[in-house]
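Chemist: Next up is a structure, given as structure tokens.
The values are calculated or read from the model by the stated rules, or taken from the named source; none is laboratory data. Since the model is a prediction, treat every value here as computed from it, not as a measurement. Quick reminder, even Gly has a Cβ in these numbers, built from the backbone with ideal geometry, and neighbours come from all protein chains shown.
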Amino acid sequence: MKHWEASVHATQGIGCLDCHGVPVPGQGEDIRNPRYVVNVTWDKDTGLKNVALSMKNGKLVERPDIWRHEGVEIVTDVSPRTCARCHEKQTEQFFNSRHSIACQFIGSLDNFLGRFAEGPAAAISGCQQCHGSEVRVEKVSVDSHAPIYSPDTWPNTGIGRVNADGSWGSCSACHSRHEFSSEVARRPENCGKCHMGPDHPQAEIYAESKHGIAFRKNERFMKLDLPGGKWVLGKDYAQAPTCSTCHMGPVAPHGNYSGLELTHDVGSRIFWTLRPIISIQPKGIKAQDGTVILKEPRQRREDMKKVCLTCHSDQWVNNFYLQFDQVVNLYNNKYAKPAKAIYEFLEKEGIVDHIPMNEEMDYLFFEIWHHEGRRSRHGASMMGPDFVQWHGFYELSRNFYTHFLPLAVELGEKKGKGGSVKGFIAKTLRGPDGKDWEKYHRWTEGLTPEQRDAMLRWEQETYGSRAK
């Protein structure tokens, strides 16, 4: 109650029933009425999502958690469909984002690891609290007739939560109830609830970066408490960016560059996807009527540059992205592609089995791309040099050369296939024309005098050193 009293909702006369109340049948369009259950589908190939009303015996299905409290029908699980009654544009953008599909990782290696290898409790209190889960009604209270949600699925504010009305997402994951503050959503530590740790340490990288340092020094000047949509970079503040600034925030026009509107699609300005084994540039998404849902990669990059160019010069920004792309390509070509090919070869040859996460090689390969590889890439994307180097490429190169490759050979020899494993590794590291070996791996045989001289010249040119 105290949080609500301090909210903008309270000052606008929006009370408990406006969110927790349930519209009566026939009130508004059925597809928009959170009283009814919807079926959401997602086409992974096109990226398109579809929403349809759930029907049973020719009738609309009502959500199972409606109950009567003091003479009024209410629900506890407030879904984005309720928020959409006032925030339609923001809800639609969120629905089209990667955030809303965070729960749709069933069958993934991450989900298997949490649910089976670690144990259900780890997944319930760990994975699901960020990704979300399907909210289920377990039974109904005998006394109050209130629904009792399954403790396997509630409480839960995971960003991709599947709600009791079938909709995907949780607005309160970022706009913490019941204050629903824009300031809270803008603060970097809000994103750190999920985006931290050994596999995606964005919160730690931001804290290390010049951006994070500037934010801590200047946050009292940044007007974080301005109303939603009013916090415009280059107009209301320019002391430092937060996560919200770069991925969502509005940007004022400047110089020859147009501005950007506020968006709740956090992927709308992201060029690379750094989550998978091999980094990719997600293709754009268009609705069937031609409406652009997600821009093409180069357009997304240009939008992100508009954020950077508010404070930095063209040369600074362009060179930064060249450096970032070089890191991603280094990771992809030197480590990810050969490691993936070698691991899949071991599976194909029966040297490792097809049961996920039950052998040393499973964990070693997983950490190469899921931990060290991500840290190096995310570190470069957010200017965290220690995460690029010591938490990233150092650990990546150590494990690739001294653990992963030797273990692959050792496992092959135990199965009587050592020769074929060695041959496949040599072929893979060489690349189709031998250039990969020359560029990335020849150093493992020792450097020739010519190569040493070339390295010294490069260091002198790069660092300005005149040491002999």
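Chemist: Criterion first (of a type outside the set (A, V, I, L, M), in a loop (DSSP other than H, G, I, E, B) and closer than 26 Å to GLY423 by Cα) does PRO338 satisfy it?
Modeler: Here the answer is no, as PRO338 does not meet what is asked.
Chemist: Residue under question is TRP154, and the condition is that it be out of contact with any helix residue (DSSP H, G or I) (no Cβ under 9 Å at 6 or more places or on another chain) and outside the structural domain of CYS194 (by TED's automatic domain parsing); does it hold?
Modeler: Judged against the criteria, TRP154 is a match.
Chemist: Only one residue in ASP314, ASP303 is touching a residue at least 12 places away in the same chain (Cβ under 8 Å) and either exposed (fewer than 15 other Cβ atoms within 10 Å of the Cβ) or at negative phi (or both), so which one is that? Reasoning before the result, please.
Modeler: Working: ASP314 fails: touching a residue at least 12 places away in the same chain (Cβ under 8 Å).
Exactly one residue qualifies, and that residue is ASP303.
Chemist: I'd like the full set of residues that are over 20 Å from TYR237 (Cα atoms) and touching a residue at least 40 places away in the same chain (Cβ under 8 Å), limited to region 192-208.
Modeler: LYS193, CYS194, HIS195, PRO198, ASP199, HIS200, PRO201, GLN202, GLU204, ILE205, GLU208
Chemist: I'm told LYS89 meets every condition in (1) over 18 Å from the mean Cα position of the chain (by Cα); (2) part of a helix (DSSP H, G or I); (3) farther than 20 Å from ILE293 by Cβ except one. Can you identify the failing condition by its number?
Modeler: That leaves (3) as the condition not met.
Chemist: Run PHE180 past the list (1) part of a helix (DSSP H, G or I); (2) modelled with pLDDT under 95 and report the number of the one that doesn't hold.
Modeler: For PHE180, the failing item is (1).
Chemist: From the list GLY166, GLY234, exactly one residue is touching a strand residue (DSSP E or B) at 6+ places or on another chain (Cβ under 7 Å), crowded, with 18+ Cβ neighbours inside 10 Å and not assigned by TED's automatic domain parsing to the domain that holds CYS308. Which is it?
Modeler: Answer to the check: GLY166.
Chemist: Continuing with this model, one more query. Which of the residues belonging to region 209-251 are free of Cβ contacts under 8 Å to residues at least 40 places away in the same chain and aliphatic (A, V, I, L, M)?
Modeler: Passing the criteria: ILE213, ALA214, MET222, VAL232, ALA240, MET248.
One line per residue, one yes/no per condition, for (1) of a type outside the set (D, E, K, R); (2) assigned to a helix (DSSP H, G or I); (3) surrounded by 21 or more Cβ atoms within 10 Å (Cβ to Cβ):
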{"site": "HIS200", "(1), (2), (3)": "yes, no, no"}
{"site": "ILE205", "(1), (2), (3)": "yes, yes, yes"}
{"site": "LYS223", "(1), (2), (3)": "no, no, no"}
{"site": "LYS230", "(1), (2), (3)": "no, no, no"}
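Chemist: Name the residues in region 131-152 that are surrounded by fewer than 19 Cβ atoms within 10 Å (Cβ to Cβ) and farther than 19 Å from VAL37 by Cβ, would you?
Modeler: Hits for region 131-152 are SER141, VAL142, ASP143, SER144, HIS145, PRO151, ASP152.
Chemist: Another question, then. Please specify each residue of region 258-282 satisfying the condition of being without any contact (Cβ under 8 Å) to a residue 24 or more places away in the chain and either farther than 18 Å from VAL327 by Cα or not in a loop (DSSP other than H, G, I, E, B) (or both).
Modeler: GLU261, THR273, ILE280
Chemist: Same structure again: Which residues, counting only those in region 283-304, are within 20 Å of ASN50 (Cα to Cα) and either part of a loop (DSSP other than H, G, I, E, B) or in contact with an Asp or Glu (Cβ under 6 Å, 6 or more places away or on another chain) (or both)? Working first, answer last.
Modeler: We begin by selecting, within region 283-304, every residue within 20 Å of ASN50 (Cα to Cα); these are 283-295.
Residues satisfying the conditions are LYS283, GLY284, ALA287, GLN288, ASP289, GLY290, THR291, LYS295.
Chemist: What helices (runs of 4 or more DSSP H) lie completely within region 1-64 and have 1 or more residues being of a type in the set (Ser, Thr, Tyr) and out of contact with any Lys or Arg (no Cβ under 9 Å at 6 or more places or on another chain)?
Modeler: So the answer is 8-11.
Chemist: Taking region 90-116 as the search range and keeping residues that are of a type in the set (Gly, Ala, Ser) and over 14 Å from CYS171 (Cβ atoms), which one is surrounded by the fewest Cβ atoms within 10 Å (Cβ to Cβ)?
Modeler: Initial filter on region 90-116 (of a type in the set (Gly, Ala, Ser)): 97, 100, 102, 107-108, 114.
Remaining after also requiring over 14 Å from CYS171 (Cβ atoms): 107-108, 114.
Numbers: GLY107: 8, SER108: 12, GLY114: 22.
Filtering first and then ranking leaves GLY107.
Chemist: Here's something else I'd like to know. Quickly run through region 284-297 and pick out the residues that are in contact with a Pro (Cβ under 8 Å, 6 or more places away or on another chain) and in contact (Cβ under 8 Å) with a residue 24 or more places away in the chain.
Modeler: LEU294, PRO297
Chemist: Need pairs with beta-carbon distance below 9 Å; first residue under 21 Å from GLY192 (Cβ atoms) and within region 354-379, second charged (D, E, K, R) and assigned to a loop (DSSP other than H, G, I, E, B); sequence gap 6+ or separate chains.
Modeler: HIS370/ASP199; HIS370/ARG275; HIS371/ASP199; ARG374/ASP199; ARG374/ARG275; ARG375/ASP199
Chemist: Only one residue in ASP65, ASP77 is crowded, with 19+ Cβ neighbours inside 10 Å, acidic (Asp, Glu) and under 19 Å from PRO25 (Cβ atoms), so which one is that?
Modeler: ASP65
Chemist: Continuing with this model, one more query. Just wondering, is there one or more residues in region 405-418 that are touching a helix residue (DSSP H, G or I) at 6+ places or on another chain (Cβ under 8 Å), of a type in the set (Lys, Arg) and assigned to a helix (DSSP H, G or I)?
Modeler: There is no residue in region 405-418 that is touching a helix residue (DSSP H, G or I) at 6+ places or on another chain (Cβ under 8 Å), of a type in the set (Lys, Arg) and assigned to a helix (DSSP H, G or I).
Chemist: Which number in (1) loosely packed, with under 14 Cβ neighbours inside 10 Å; (2) in contact (Cβ under 8 Å) with a residue 12 or more places away in the chain; (3) out of contact with any Leu (no Cβ under 9 Å at 6 or more places or on another chain) marks the one condition that GLU70 misses?
Modeler: (2)
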